[in-house]
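Q: Structure below; questions to follow.
The values are calculated or read from the model by the stated rules, or taken from the named source; none is laboratory data. Every value quoted in this text rests on a predicted model; they were computed, and no experiment measured them. Please note: Cβ atoms are built from the backbone with ideal geometry, for glycine as well, and neighbour counts cover all protein chains shown.
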Amino acid sequence: MSGLAKGLGVIESFHADQPRQTIASVASATGLDRATARRCLLTLAQQGYAEWDGKFFTLTPRVLRLGTACLATMPLPQIVQPLLDRLSDAIGESSSVCILDGADIVYVARAAQTKVMSIALMPGSRLPSHCTSTGRVLLAARPEPEARAMLGPGPLVPRTPRTLTDPEDVLAELGRIRARGHAIIDQEVELGLRSIAVPLMDSHGRVVAAANVGVAAGRASLDDLRPRYLPGLLDVQADLRRLLR
């Protein structure tokens, strides 16, 4: 099954900052030799998961079938979507639910009101956990040694000049998040964006995901986030805990 593992690694090497890749760039990103990277890419193209113009490969929408199949089998998105829709309608801002996948968060549900980020967020979108409100909530739910291992030795990749890049600084913030039960991010993932997030638990108290509200910095100050948006997020938290067994 090593061939499958290599093919999946090739798919994962494509991302928003690198949507078009050559054989050489894929080989560099995955650690595969050029011949193996070429075979994987040509196989993906043959199966309809990639396109090739003779130099650059790009993934096709067919790849979305893999993520859609996963999301379709998960009860969480189906259960939480009505709660997000109700929250976003009430506050007039976008809200999301994310899970942790390695060092990234993955969006599994979203209720969009206005676009607050330069990239389009949708179920399946990924962002780094260290600089996102949902990511920090989910990291804070892990034992500190596990969170430390997931952050790695650093420095962490900055997305804006405000991003915390020292793992020790992030770990200190995780401690504060554990104490207060929510996370607030001020323009660390993208300039002009603030967000607040809470953990989502099942009926046994296990953290299974995180929910957040993201707002444009011009529409809400840091002091506005808790009184405006935390009560609604806590309602989603309480409702979901009753629903998830």
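Q: Checking the condition surrounded by 22 or more Cβ atoms within 10 Å (Cβ to Cβ) and free of Cβ contacts under 8 Å to residues at least 40 places away in the same chain, which residue from SER129, SER195 passes? Working first, answer last.
A: Working: SER195 fails: free of Cβ contacts under 8 Å to residues at least 40 places away in the same chain.
Step by step, each of SER129, SER195 is checked, and only SER129 is surrounded by 22 or more Cβ atoms within 10 Å (Cβ to Cβ) and free of Cβ contacts under 8 Å to residues at least 40 places away in the same chain.
Q: Here is a follow-up. Please go through the stretch 98-135 and give me each residue that is among the charged types (D, E, K, R) and either closer than 21 Å to GLN78 by Cα or part of a loop (DSSP other than H, G, I, E, B) (or both), ordered by number. It would help to see each step written out before you state the result.
A: Residues of the stretch 98-135 that are among the charged types (D, E, K, R), as a first pass: 101, 104, 110, 115, 126.
Selection gives ASP101, ARG110, LYS115, ARG126.
Q: Hey, another quick one. Do we find a residue being within 27 Å of ILE91 (Cα to Cα), at pLDDT 95 or above and among the hydrophobic types (A, V, I, L, M, F, W, C) anywhere in the stretch 141-162?
A: Yes, there is a match, as at least one residue in the stretch 141-162 is within 27 Å of ILE91 (Cα to Cα), at pLDDT 95 or above and among the hydrophobic types (A, V, I, L, M, F, W, C).
Q: Suppose the filter is closer than 27 Å to ALA120 by Cβ, surrounded by fewer than 18 Cβ atoms within 10 Å (Cβ to Cβ) and in contact with a Gly (Cβ under 8 Å, 6 or more places away or on another chain); does THR165 pass it? First the steps, then the outcome.
A: Working: closer than 27 Å to ALA120 by Cβ: yes; surrounded by fewer than 18 Cβ atoms within 10 Å (Cβ to Cβ): yes; in contact with a Gly (Cβ under 8 Å, 6 or more places away or on another chain): yes.
Spelling it out, THR165 is indeed closer than 27 Å to ALA120 by Cβ, surrounded by fewer than 18 Cβ atoms within 10 Å (Cβ to Cβ) and in contact with a Gly (Cβ under 8 Å, 6 or more places away or on another chain).
Q: Here is a further query. What pairs come out if I take residues in the stretch 224-245 that are closer than 13 Å to ILE91 by Cα and outside the structural domain of ILE79 (by TED's automatic domain parsing) and pair them with residues that are outside any helix (DSSP H, G or I) and modelled with pLDDT of 95 or more whose C-beta lies under 8 Å away, six or more apart or interchain?
A: none
Q: Output the residue which, of all residues in the stretch 86-128 that are among the small types (Gly, Ala, Ser) and over 20 Å from LEU225 (Cα atoms), is farthest from the chain's Cα centre (by Cα).
A: Within the stretch 86-128, the first condition is being among the small types (Gly, Ala, Ser), and the residues that meet it are 88, 90, 92, 94-96, 102-103, 109, 111-112, 118, 120, 124-125.
If we keep only those that are over 20 Å from LEU225 (Cα atoms) as well, we get 102-103, 109, 118, 120, 124-125.
Details: GLY102: 10, ALA103: 9, ALA109: 11, SER118: 15, ALA120: 12, GLY124: 8, SER125: 6 Å.
Applying the filter and picking the extreme gives SER118.
Q: Could you tell me whether the stretch 116-124 includes any residue that is at pLDDT below 95 and touching a helix residue (DSSP H, G or I) at 6+ places or on another chain (Cβ under 7 Å)? Working first, answer last.
A: If we filter the stretch 116-124 for residues that are at pLDDT below 95, which is where we start, we get 116-124.
If we keep only those that are touching a helix residue (DSSP H, G or I) at 6+ places or on another chain (Cβ under 7 Å) as well, we get 123-124.
There is at least one residue in the stretch 116-124 that is at pLDDT below 95 and touching a helix residue (DSSP H, G or I) at 6+ places or on another chain (Cβ under 7 Å).
Q: Report, ordered by the first and then the second residue, all pairs with beta carbons closer than 6 Å, sequence separation of six or more or different chains, a first member in the stretch 57-83 that is under 23 Å from GLY9 (Cα atoms), and a second member that is at pLDDT 85 or above and in a helix (DSSP H, G or I).
A: Every condition considered, the pairs that remain are PHE57/LEU41; LEU71/PRO77.
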